[in-house]
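Every read-out reported here was derived from the displayed coordinates using simple, explicitly stated rules and does not represent laboratory data. Only a predicted model underlies this, so the values are computations on that prediction, with no experimental measurement involved. A quick note on method: Cβ atoms are made from the backbone with ideal geometry, for glycine too, and the neighbour counts reach across all protein chains shown.
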Amino acid sequence: MDVSHLMFAAAVVMLATALAVGVAKKLELGSTVAMLVVGIALGPHSPKPLFSGHVSEMEAIGEIGVMLLLFAIGLELQPSKLWSMRRLVLGLGAAQYVVTTVAIVAFLAAVFGLAGVQWRSALVAGLGLAMSSSAIPLPMLQERGETGTPQGRAVLAIDIFQGFMVIPVLALMPLLGAGAAHGAHGVSLEKTFEVLAAVGGVYLLASYALPWALSITARKLGPGGFFVIVLGSVFFAGWWMDAVGVSNALGAFMTGVLLSTTVFADQIKAAVSNSKRLLLAIFFIAIGMAIDPAQVAELKWELLFYVPSLLLIKFVVLFALAWLFGLGLRSAILTGLLSMPFDEIGYVIFASANASGLLTLRDYTIGITVISLSFVVSPVLINLGYRLTADLKAPAGGDLQPAPVPDATVVVAGYGPVGRVMCAMLERARIPYTAFTADAESLAKATKTRHNVLYGDLTDAELLDAIAIARARLVIVTMSDLGAVKHLIGNLRRFYSSVPAMIAVQYLAQRDELRRMGESEVVALAPEGTMSFGHSVLQRLGIKAAETDAIVSSMKAKDYAVLRATGEVEERGSGEGSLSSPPRGARPS
């Protein structure tokens with residue numbers, strides 16, 4: 001493929017993907033289905049193929065997207081989440097995965113019988129199809145405001161447990177493949193030691209070497225250097241795992257989990273988000289290109305049997321377990337429907353199993369087709385389930401009561417002198433908050449004060465998305481650089497106009513400039529501090545309290561008209577200057 005054809009093909013793929021995603025959203029099918037359809041329509045098996053070759057190269061590029069997807073999932077799996085929901089995660093989540101895996105293996109055994117190496121193939125199918133998609137149910141729960149309901153917490157618990165199961169399942173694929181290659185009923189001991197050594201190496205890399213490197217990067221380069229460091233580490237961890245025959249996605253996932261507890265987690269998510277979306281789209285398009293519609297047509301009777309049978313198995317298991325764990329009838333039905341669709345991780349598991357010789361090409365095609373079709377039918381079934389169960393009410397005391405929804409977190413932008421005071425006051429008021437700073441020295445001070453401060457540059461729109469700023473109770477802006485403040489406020493008003501914000505600046509001119517941008521809740525600290533100091537001076541000189549208050553009030557009258565007459569505003573200026581004149585090139589705190 002020459003450069004001219006490559007550019008034309010890329011343009012067609014992008015336009016077709018944008019159109020398909022728009023149509024899929026209208027039909028409530030999700031973007032994954034759209035990208036698979038684009039791959040099928042433009043791939044080598046279509047009547048008018050745009051790509052007659054290079055599909056394997058696209059799959060290789062797309063696998064990098066899968067690595068970043070697993071890395072991002074790992075960043076979300078903080079141990080604190082597991083502990084706070086331990087009953088549902090370790091109870092319902094574990095029971096669902098084990099029972100569903102056993103049920104699918106038993107189903108395949110009843111259909112085919114298990115002989116020789118076939119038990120490994122059946123186990124792979126069970127492990128892959130027992131995992132449930134989070135891409136379909138979680139957005140639907142958020143749109144309906146049901147994340148705190150019994151079904152919302154059940155779906156989240158299942159998703160958290162399955163996230164941790166990705167590591168052992170992916171590690172198991174080459175071990176089963178090695179055992180199959182030797183004609184044994186077990187796994188290779190040598191291969192087991194190789195995998196364990198690689199897992200230990202990635203653990204040391206992500207737990208110690210990478211946080212140390214990120215600390216240096218934060219001090220020397222700022223958030224802009226994170227992309228290279230993180231991406232290089234993810235690639236290295238993936239290569240290390242691949243070298244011992246384990247899916248490279250396992251190395252990426254482990255790295256994400258181990259970094260999830262660091263102060264850099266949110267900034268890391270923002271750094272890789274754009275690349276993840278692009279490369280993941282390439283992966284799904286490449287998967288679509290690998291699907292031969294003619295072969296799928298030959299399997300139509302098998303697919304008509306497998307898809308409803310496997311979805312029904314998942315629904316029955318989920319419904320029964322949800323009922324046993326105390327969810328009422330409606331919540332149990334919705335839990336079964338929401339967690340019924342198969343997971344995108346199944347593509348990775350089946351690809352690893354195919355590479356390890358555990359699945360034939362035909363079995364692999366059936367597996368990825370079944371997963372793809374579940375994305376199409378599941379949203380329809382979920383919406384239908386909501387409509388049919390709308391009149392069902394939980395019996396008194398018979399349903400697991402939803403946990404009280406905690407107050408949304410207050411976000412403090414900046415951890416300079418003003419930011420530190422705000423954190424201290426919020427802690428005394430027992431209001432949950434998270435502060436962000438891109439200054440490594442300020443971050444070091446936070447470890448001494450034990451304030452909840454994370455590393456991140458909130459002028460980055462990707463970081464705002466990564467920390468779910470749309471759900472913030474309030475954003476308190478205390479950064480010292482006026483340019484950074486204006487950038488942050490611009491992003492907030494452009495993308496998150498409903499999020500309230502209060503801004504602290506140094507001088508009146510800076511407050512006036514932000515008010516001209518449409519911000520009403522802006523406080524100029526210098527005149528307020530000066531008025532407070534002047535009040536203390538007058539009292540020290542023996543002026544009565546009533547007279548002192550009157551003088552201060554007169555100074556504040558008509559928006560500090562007296563101060564403006566002194567030329568204070570014009571002398572300070574506004575523009576892109578700083579609020580407190582930090583050194584040139586310094587990062588906003």
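The table below gives the values:
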{"item": "Long-range HN-HN contacts of residue 328 with modeled amide H, under 5 Å", "result": "400"}
{"item": "Cβ-Cβ FRET estimate between residue 10 and residue 261, R0 fixed at 56 Å, reported to 0.05", "result": "0.90"}
{"item": "Where labels lie 7 Å past Cα in the beta-carbon direction, separation of residue 473 and residue 294 in nm", "result": "6.3"}
{"item": "323, 240 arranged by Cβ crowding within 10 Å, fewest neighbours leading", "result": "323, 240"}
{"item": "Amide H within-cut-off set for residue 481, under 5 Å, with H built and near neighbours excluded", "result": "579, 589"}
{"item": "Using a Förster distance of 35 Å, the FRET efficiency for residue 533-residue 449 (Cβ separation, nearest 0.05)", "result": "0.85"}
{"item": "Cleavage-rule hits (trypsin sites (Lys or Arg not before Pro)) in the range 467-572: DSSP loop, at most 13 neighbouring Cβ within 10 angstrom", "result": "544"}
{"item": "Exposure proxy ranking, count of Cβ atoms within 10 Å, fewest first, for 108, 70", "result": "108, 70"}
{"item": "Beta bridges by DSSP in the range 410-572, antiparallel share as percent, to the nearest 5", "result": "0"}
{"item": "Linear extension gain, residue 390 paired with residue 545, 0.36 nm per residue minus alpha-carbon span", "result": "49.4 nm"}
{"item": "Cα gyration tensor category, rounded, prolate or oblate, for the range 240-346 with a/c compared to 1.5", "result": "oblate"}
{"item": "Separation in nanometres of the label points that stand 7 Å from Cα toward Cβ, at residue 243 and residue 493", "result": "5.3"}
{"item": "Calculated FRET value between residue 520 and residue 323, using beta carbons and R₀ = 51 Å, to 0.05", "result": "0.50"}
